[in-house]
Structures are given as structure tokens and as C-alpha cells.
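A.B. asks: Here it is, the structure in full.
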Amino acid sequence: MDTRAGSLPRVPAARLPVPEAGADLVERWLSDRGALVDLLSQVRGRFGGVAAFRLEDARTVLVTDPQAVQHILARHPERYVQGEQRARLLVGDSVLAATGEAWKRQRRLLQPQFTATGTRRYEQRITAAVRTVAERWRAYARTGQTLDVEKEMRRFAIDVIWRALTGHPLDEATERVLSTVPAVTAVLPTLPADVTEVPDAVAADLARIDAVARSAIDAARAEPAGPDGPGLVHALIGAAAERPEYTDQLIRDELITLLVAGHATTATTVTWLYLLLDRHPAAREQALAAGGEGTPHRRRAVQALIHETLRLYPAAWILPRRAAQDDTLAGHAIEAGTDLLICPYLTHRDPELWPDPERFDPGRFTTAAGRPTHPAAYFPFGMGPRTCLGMQFALREMTILLEHLLPAHTVAFHSTPTKAAFGITVRPDGPTLATLNPPRS
Ligand code: HEM
């Protein structure tokens, strides 16, 4: 650096400081609009795809530029770590929270269960859970009874993951306990970042969730396979026989993680999909016209609906990271210890990547020309080594569900929440009560 008196310090062109929104601007934006996502959107709009802001003294770098996203998640994941102490209260040392060698070992054990081939093993269980919800929906349609779409989807998603984990359908008592998971996860982001003890407000719920996990482990030990064959929990118990690190506590942590990570995400995605179809009924008809039941054409059209929903509402809308070392990110200097927020929600709505980004257009995913070529222009499941473990599972379960439900009913919402609530996942900001109509086509 040139330090001669009178000259300006020269910053090497390749390591410019990250542009930063002034505190006055941040304050004004927050008082004008309120929500964090609006602030993030303003910061991105004004300062670009790698930009900083300060909230109550904590400096955070927002990352939406696809090159920078790819750099952090896929090219140099060792330079940026996940350090979420809060999540540990619920998921302990599971694959979601572990780092380094422990994470590698845990991920290696679970990965084969979740590849496209591994997931096929769970197809029958997914179909059984789909039949249960389809039957329930037929009864709702017959009687004209009101249903809550988000709640229905959550029930379905918990049933699916429970069947995959244990080999058994979900029973009512377990369902009651697991229905408190959203209340627990909603509290987590409100806690201090370095929290180490469970707050009273959720302690009782967490203890009940714990007890459910432990009795599922005991049951799996007593009965080597459920009626639908072994579950994932059997694979974990099997690993424990050879690897001392798979204590009952770690098996519990993995089980809870798969339950938590594996249901709210898929449930909100399908709920958003139905809300989007409510505003764009032609998209449903086009998907159903794409080919007959069970044809690859129909399947691709249904998957395009799912992907376009995940573009607009990526359930995991924000991915926090901390720089483990000094780095250069898209030409900007990042110091070790810097907190970063990667925001797929904003990348997916960048008009330079996605023309007319607010428009719901599943056609973007039916032809290669419909979407940008950069791999990090669309990453609802993350990317790189920490890509969502359950991606194939989630896509399969949502596809099978919609292949059954879409032709059978149209959903008439009593009112449609148009705004989103940004918590751990991005959810509709209002009730999703509806009645089911017989199909229009
Ligand atoms: C629409 C559905 C889903 C979405 C949008 C989604 C999204 C994501 C994203 C973005 C990540 C990466 C987080 C990061 O890099 O910080 C992730 C990680 C993870 N997901 Fe999912 N997910 C979905 C469904 C599922 C399902 C069904 C399961 C389990 C059956 C699951 C299990 C996991 C696990 C265990 C991780 C942590 C992986 C690791 O750190 O190695 N997810 N998910």
C-alpha cells in the first residue's frame, strides 16, 4: 500500500472493500418497510450482489451474485463455515450442524440413502402416505368441509418422513407431539446467537419431541424392521454397531434433524404451489394437458410447477455463513470472522438473471433456454458439498403427491395470503383455509 503523505491509500483492484449501506440508510429502510427481506432487497438494489450493512453494530455481508454464491458454497466451502449455535438446541451434533471430519463421516453414512437410487427404496412409503392424504381430500370434497392447506401438507410431509425413518405410518400421539416442531423452530431465530440453553418457552415441547425420538430408536432396536422394511433409523443403529461415535444421542440428533429439515420445507413448498395455482389456474390446466397420467410429459410438467415455485419461494430462503479465513470474494476483501448471508430468494428474483422475475412461469423450467445458464442462478437446495441431503427425496415426494392430487381437485382458498413471512422458512403470511372443488378439467 502507498503510504506517502498526501496520497490516498491504494487498495489493490482485486480486493476492493465490500460496499456498505450507511447506518442512516439502514434505519430509514427498516422504519419505512420493516422487514429484513426488504432491507436486503434495498441493499442489493443499491450496492450490488456482494454488499454489506450494519444492524445493531453487527456487520453482515449480503451475497446474491451467482459467481460469489458459487465461490462460497461450491468452490471454497472450507473458507466459509456454518456456525449456527441456535440450531444445535434442536438438532444437536447432527449432519446439519456438524463441521469438519465429523460432518464428513456423518454425511457419508447418510448419503447412499438419499441418492436418486437410494430414494427409490422409499417410493412405496411415499405412495402410501399420498394415498392417505388423497383419501382424506376425497372426504373433504364430498362433505364440503374446510381444510387448512398448509396444515394438511405438514401432516403429509411428517407422515412421509416418519415412514422413511421408522418403517411405520405416523400414529396420532406421535403426530400431536411432532406438530409442535414449528413452534420450537419459530423460537430459535429469536434467541441470542451464542445461546447454549433451551429457553423455558420451548423446553417442554422439546422434551416431548426428544421422548418420541428415543422411543422410535428403542422400537427399532426391538423390532429390526417395520412392516414396510427397515427405516433410516435402522441404518443409524447398524452404524452404531461398528462406530462408537454413533451414540444414542447422535442417532437422536440425526433422527430429529431429518424430521425437522425434511417436513416444513416440503410442506411450505406445496402450499405455495397451490397458492400460485390459485392465481394462475391456467398453469394447472397446462400441466395436466401435457400428457396423460403417469407419462413422462406429465411428470416433467408437474416438476416444472415445483421448480418455478421453489424459484419464487425457496423454503430455505437464507443461508448464513461465517468466513473462516481472509478471502477475496468477487473482487472484494472479506476478513476472517465476517458474517455473510447468502440469499437464494433474492438471486432467484434478480431481473438480470430472470426476466420479469415476479411472474409465475413454469415454462422457464420446461426448456433449457427458459433459464439462466449459471448454476448458481437457481439453488433452492443450496450447492456444493453441503447441498440439501434430502433433495431427491423432497422432489420425489412432492412430484408423487401432486401427480395424485392435482388432477383430482381444484383448491378454492377462502382468502389468499399474498405476502410472505420470513422465518426459518418462507411461509404464507396468513391462513390457508380452503374448500375442495371437483376438477374443472
Ligand atoms: C423443498 C424441500 C427442501 C428444500 C427447499 C431444502 C433446502 C435445503 C438447503 C438450501 C440446504 C442447504 C443449507 C445450507 O447450505 O446452509 C439443505 C440442507 C439439508 N437438508 Fe434440505 N431441503 C428440503 C427438503 C429436505 C428433506 C426432505 C430432507 C430430509 C429428508 C432434508 C434434509 C437436509 C439436511 C440433512 C441438510 C443438511 C446437509 C448438510 O449440511 O450436509 N431437506 N436443505
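A.B. asks: Those residues that are closer than 19 Å to residue 210 by Cα and basic (Lys, Arg), I need them from the stretch 234-256; list them, please.
C.D. replies: 252
A.B. asks: Taking the stretch 157-190 as the region of interest, how many residues are within 16 Å of the ligand (Cβ to nearest atom) and either free of Cβ contacts under 8 Å to residues at least 12 places away in the same chain or more than 18 Å from residue 431 (Cβ to Cβ) (or both)? Write out each step before concluding.
C.D. replies: Residues of the stretch 157-190 within 16 Å of the ligand (Cβ to nearest atom): 157-167, 170, 178, 181-182, 185, 188-189.
Filter again for either free of Cβ contacts under 8 Å to residues at least 12 places away in the same chain or more than 18 Å from residue 431 (Cβ to Cβ) (or both), leaving 157-167, 170, 178, 181, 185, 188-189.
Adding up the residues that qualify gives 17.
A.B. asks: Let me ask you something else. Within the stretch 304-316, does at least one residue satisfy the condition of being closer than 30 Å to residue 105 by Cβ and more than 16 Å from the ligand (Cβ to nearest atom)?
C.D. replies: No, there is no match, as no residue in the stretch 304-316 is closer than 30 Å to residue 105 by Cβ and more than 16 Å from the ligand (Cβ to nearest atom).
A.B. asks: Tell me, please, whether a residue that is among the small types (Gly, Ala, Ser), within 15 Å of the ligand (Cβ to nearest atom) and surrounded by fewer than 18 Cβ atoms within 10 Å (Cβ to Cβ) can be found in the stretch 93-109. Talk me through it step by step, then tell me what you get.
C.D. replies: If we filter the stretch 93-109 for residues that are among the small types (Gly, Ala, Ser), which is where we start, we get 94, 97-98, 100, 102.
Those left that are additionally within 15 Å of the ligand (Cβ to nearest atom): 94, 97-98, 100, 102.
If we keep only those that are surrounded by fewer than 18 Cβ atoms within 10 Å (Cβ to Cβ) as well, we get 100, 102.
Within the stretch 93-109, one or more residues are among the small types (Gly, Ala, Ser), within 15 Å of the ligand (Cβ to nearest atom) and surrounded by fewer than 18 Cβ atoms within 10 Å (Cβ to Cβ).
A.B. asks: Something else now. Pairs please, first residue from the stretch 268-283 and over 16 Å from residue 147 (Cβ atoms), second anywhere and assigned to a helix (DSSP H, G or I) and of a type in the set (Ser, Thr, Tyr), Cβ atoms under 9 Å, 6+ apart in sequence or on different chains.
C.D. replies: Every condition considered, the pairs that remain are 269/309; 272/309; 276/309.
A.B. asks: Answer yes or no: is there a residue in the stretch 243-251 that is in a helix (DSSP H, G or I), under 28 Å from residue 396 (Cα atoms) and touching a residue at least 60 places away in the same chain (Cβ under 8 Å). Steps first, answer last, please.
C.D. replies: Looking only at the stretch 243-251, we keep the residues that are in a helix (DSSP H, G or I), and these are 248-251.
Okay, now just the ones that are also under 28 Å from residue 396 (Cα atoms), so 250-251.
So of that shortlist, the ones also touching a residue at least 60 places away in the same chain (Cβ under 8 Å) come out as 250.
Within the stretch 243-251, one or more residues are in a helix (DSSP H, G or I), under 28 Å from residue 396 (Cα atoms) and touching a residue at least 60 places away in the same chain (Cβ under 8 Å).
A.B. asks: Can you tell me which condition residue 225 does not meet? The list is (1) within 22 Å of residue 390 (Cβ to Cβ); (2) open to solvent by less than 10 Å² (accessible area, probe 1.4 Å); (3) away from the ligand (no atom under 16 Å from the Cβ), and all the others hold.
C.D. replies: Residue 225 satisfies all of (1) within 22 Å of residue 390 (Cβ to Cβ); (2) open to solvent by less than 10 Å² (accessible area, probe 1.4 Å); (3) away from the ligand (no atom under 16 Å from the Cβ) except (2).
A.B. asks: Return yes or no: is residue 271 open to solvent by 30 Å² or more (accessible area, probe 1.4 Å) and more than 16 Å from residue 165 (Cα to Cα)? Write out each step before concluding.
C.D. replies: Details: open to solvent by 30 Å² or more (accessible area, probe 1.4 Å): no; more than 16 Å from residue 165 (Cα to Cα): yes.
Judged against the criteria, residue 271 is not a match.
A.B. asks: Still on this model: With the checklist (1) in contact (Cβ under 8 Å) with a residue 24 or more places away in the chain; (2) closer than 30 Å to residue 213 by Cβ; (3) away from the ligand (no atom under 11 Å from the Cβ); (4) small (Gly, Ala, Ser) in hand, flag the one item residue 58 doesn't pass.
C.D. replies: (2)
A.B. asks: Also, I was wondering about something else. Identify all residues within the stretch 110-135 that are within 11 Å of the ligand (Cβ to nearest atom) and hydrophobic (A, V, I, L, M, F, W, C); write none if there are none.
C.D. replies: Within the stretch 110-135, 110, 114, 126 meet the criteria.
A.B. asks: Which residue out of 23, 51 is under 19 Å from residue 350 (Cβ atoms) and either open to solvent by 40 Å² or more (accessible area, probe 1.4 Å) or in contact with a strand residue (DSSP E or B) (Cβ under 6 Å, 6 or more places away or on another chain) (or both)? Steps first, please.
C.D. replies: Working: 23 fails: under 19 Å from residue 350 (Cβ atoms).
When all the criteria are applied, what remains is 51.
A.B. asks: Checking the condition in contact with a Lys or Arg (Cβ under 9 Å, 6 or more places away or on another chain), under 30 Å from residue 95 (Cβ atoms) and within 16 Å of the ligand (Cβ to nearest atom), which residue from 376, 420 passes? Full working, then the answer.
C.D. replies: Numbers: 376 fails: in contact with a Lys or Arg (Cβ under 9 Å, 6 or more places away or on another chain).
Exactly one of 376, 420 is in contact with a Lys or Arg (Cβ under 9 Å, 6 or more places away or on another chain), under 30 Å from residue 95 (Cβ atoms) and within 16 Å of the ligand (Cβ to nearest atom), namely 420.
A.B. asks: Taking the stated definitions as given, is residue 209 out of contact with any Cys (no Cβ under 9 Å at 6 or more places or on another chain), away from the ligand (no atom under 14 Å from the Cβ) and open to solvent by less than 70 Å² (accessible area, probe 1.4 Å)?
C.D. replies: On the way: out of contact with any Cys (no Cβ under 9 Å at 6 or more places or on another chain): yes; away from the ligand (no atom under 14 Å from the Cβ): yes; open to solvent by less than 70 Å² (accessible area, probe 1.4 Å): yes.
Considered against the rule, which asks whether it is out of contact with any Cys (no Cβ under 9 Å at 6 or more places or on another chain), away from the ligand (no atom under 14 Å from the Cβ) and open to solvent by less than 70 Å² (accessible area, probe 1.4 Å), residue 209 comes out as yes.
A.B. asks: I've got another one for you. Would it be correct to say that residue 266 is within 22 Å of residue 171 (Cβ to Cβ), in contact with an Asp or Glu (Cβ under 9 Å, 6 or more places away or on another chain) and either within 12 Å of the ligand (Cβ to nearest atom) or not in a helix (DSSP H, G or I) (or both)? Please lay out each step first, then the result.
C.D. replies: Values: within 22 Å of residue 171 (Cβ to Cβ): yes; in contact with an Asp or Glu (Cβ under 9 Å, 6 or more places away or on another chain): yes; either within 12 Å of the ligand (Cβ to nearest atom) or not in a helix (DSSP H, G or I) (or both): yes.
Against the criterion (within 22 Å of residue 171 (Cβ to Cβ), in contact with an Asp or Glu (Cβ under 9 Å, 6 or more places away or on another chain) and either within 12 Å of the ligand (Cβ to nearest atom) or not in a helix (DSSP H, G or I) (or both)), residue 266 qualifies.
The values are calculated or read from the model by the stated rules, or taken from the named source; none is laboratory data. Only a predicted model underlies this, so the values are computations on that prediction, with no experimental measurement involved. Here the Cβ is made from the backbone with ideal geometry for all residues, glycine too, and neighbour counts use every protein chain on show. The protein model used for the area step is the full one, side chains on, heavy atoms only, and it has no ligands, DNA or RNA in it. Shrake-Rupley method; radii C 1.70, N 1.55, O 1.52, S 1.80 Å.
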